[in-house]
Amino acid sequence: MRTFRPAATALALALAASLLASCAPAQPQAPSAKAGSTPAPVQPATIRLGNLPTEDILPLWVAQQKGLFDKAGIRVEIVPFQSAQERDAAYTANAIDGFMGDPIAVAELCDAGFKTRVVTVCLGATAAEGRFGIVGSPSGHARTLKELASVPVGTSSGTVQEYVLDGLMAEAGVPASDVKKEEVKKVPVRFQLLMGNGIKAAALPEPFLSLAVKQGAHLIADDTKGTNLSQTVLAFSQDFLAKPEGAEAVRRLLETWDEGVTAVNAKPNAYRQLLVDKARLPQPVASSYKINSYPTHQLPSEGDVSAVLEWLRGAGLMKAELTYAGLTWAPGQAVEPSSAATAAP
């Protein structure tokens, strides 16, 4: 009888065991976590937020000063810009994730292919918040909007200032054909021309509006009493909001905004120096400037956004078919990355 060597016997047994295992029915793997357990929390992304030196994000400066970002577990870098053009260039280059702007700027960026969503109003939830207006030069004689019919008014085209000018003139019954405009893009230059009587009237935002009146210009109209014409907003790229860590960061930012709002609205003068420093309030109005009451986080109304879109289309400034739903975002809303949303079928 032939005898087998021990090594050969061991090998045969190992092969047999392997074959039996391969033929046996697969056993279910144990779950990595217990059924019904809470998933690990999403770690929020760092927010790079572009801003202009204006009053609109005072609640976030207060939050930064009081350490509320750290308390909320988020990191927020507020990046200052001197002009909307610089801000938009940084945004389209992906150097910032979101910005303080207005619905017109958001719509124009979307129209250019940079999908952007408004996440809250900063100022302008009501007409009383955030003032834009029209002022006459110190030597001018106009005191009503009708007296400005056919008089060139300094403004910048395709901006919220032109939108407010058109809206106020329409409310006053001035025909669109009688609304004359003089292009002066930079607000400080427009202010200087007005005060030097180089132009007879100008559309101005705050604090230049208050400064002009303080120094002898005539307030003709503003947008705080009639139709709610102007809003400033926080907006973020759709790509940032499509990421769970981006959406979580913005959700916490909105909660922190509300904490900052509560602090400002309770004791506005406690934050006057912060506003002077951050928004660069001119010294002649620094001590008297009325600090706004800010709204808790909320989206602009559909009617306000629709009016902006209609104006942009009527002015030939927008080609894309934008909608309220496509321009806004609320926590919990799922959105696709812009590349997926625009991909060819």
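The values are calculated or read from the model by the stated rules, or taken from the named source; none is laboratory data. If you're wondering where the values come from, they're calculated on a predicted model, not measured in any experiment. For neighbour counting, all protein chains shown are included, and Cβ atoms are generated from backbone atoms with ideal geometry for every residue, glycine included.
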Within segment 122-163, the residues that are part of a helix (DSSP H, G or I) and surrounded by 24 or more Cβ atoms within 10 Å (Cβ to Cβ) are L148, V160, Q161, Y163
The number of residues in segment 28-79 that are within 30 Å of P188 (Cβ to Cβ) and at pLDDT 95 or above is 20
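One line per residue, one yes/no per condition, for (1) among the acidic types (D, E); (2) over 18 Å from V187 (Cβ atoms); (3) not assigned by TED's automatic domain parsing to the domain that holds E183:
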| residue | (1), (2), (3) |
| --- | --- |
| Q82 | no, no, yes |
| Q85 | no, no, yes |
| D88 | yes, no, yes |
| M100 | no, no, yes |
| F114 | no, yes, yes |
| L148 | no, yes, no |
| G154 | no, no, no |
Would you confirm whether or not segment 161-178 contains a residue that is closer than 19 Å to I199 by Cβ, among the polar types (S, T, N, Q) and either touching a Gly at 6+ places or on another chain (Cβ under 9 Å) or assigned by TED's automatic domain parsing to the domain that holds S210 (or both)?
yes
Review point. In contact (Cβ under 8 Å) with a residue 24 or more places away in the chain, assigned by TED's automatic domain parsing to the domain that holds V62, touching a Phe, Trp or Tyr at 6+ places or on another chain (Cβ under 8 Å) and assigned to a helix (DSSP H, G or I) - does that describe any residue in segment 280-296?
Key: no
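Residue by residue, here is whether (1) part of a helix (DSSP H, G or I); (2) of a type in the set (S, T, Y); (3) surrounded by fewer than 21 Cβ atoms within 10 Å (Cβ to Cβ); (4) not assigned by TED's automatic domain parsing to the domain that holds V79 holds:
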site	(1), (2), (3), (4)
V189	yes, no, yes, yes
L209	yes, no, no, yes
A212	yes, no, no, yes
L253	yes, no, no, no
D258	yes, no, yes, no
L274	yes, no, yes, no
* Asked: Do we have E206 as touching a strand residue (DSSP E or B) at 6+ places or on another chain (Cβ under 8 Å), among the acidic types (D, E) and touching a residue at least 24 places away in the same chain (Cβ under 8 Å) here?
  -> yes
Can you find even one residue in segment 276-284 that is closer than 28 Å to I74 by Cα, among the aliphatic types (A, V, I, L, M) and touching an Asp or Glu at 6+ places or on another chain (Cβ under 6 Å)?
yes
Can you find a residue in segment 271-284 that is closer than 22 Å to F81 by Cβ and of a type in the set (S, T, N, Q)?
no
Filtering segment 222-245 for residues that are closer than 30 Å to E336 by Cβ and either at pLDDT below 95 or in contact with a Lys or Arg (Cβ under 8 Å, 6 or more places away or on another chain) (or both) leaves a count of 6
Might you let me know whether segment 218-237 holds any residue that is in a helix (DSSP H, G or I), of a type outside the set (S, T, N, Q) and within 29 Å of F114 (Cα to Cα)? no
Per the filter on segment 221-251, residues crowded, with 20+ Cβ neighbours inside 10 Å and under 20 Å from I291 (Cα atoms) are A221, D222, D223, N228, L229, S230, Q231, T232, V233, L234
Scanning segment 164-175 residue by residue, those among the hydrophobic types (A, V, I, L, M, F, W, C) and either buried (at least 19 other Cβ atoms within 10 Å of the Cβ) or at pLDDT below 95 (or both) turn out to be V164, L165, L168, M169, V174
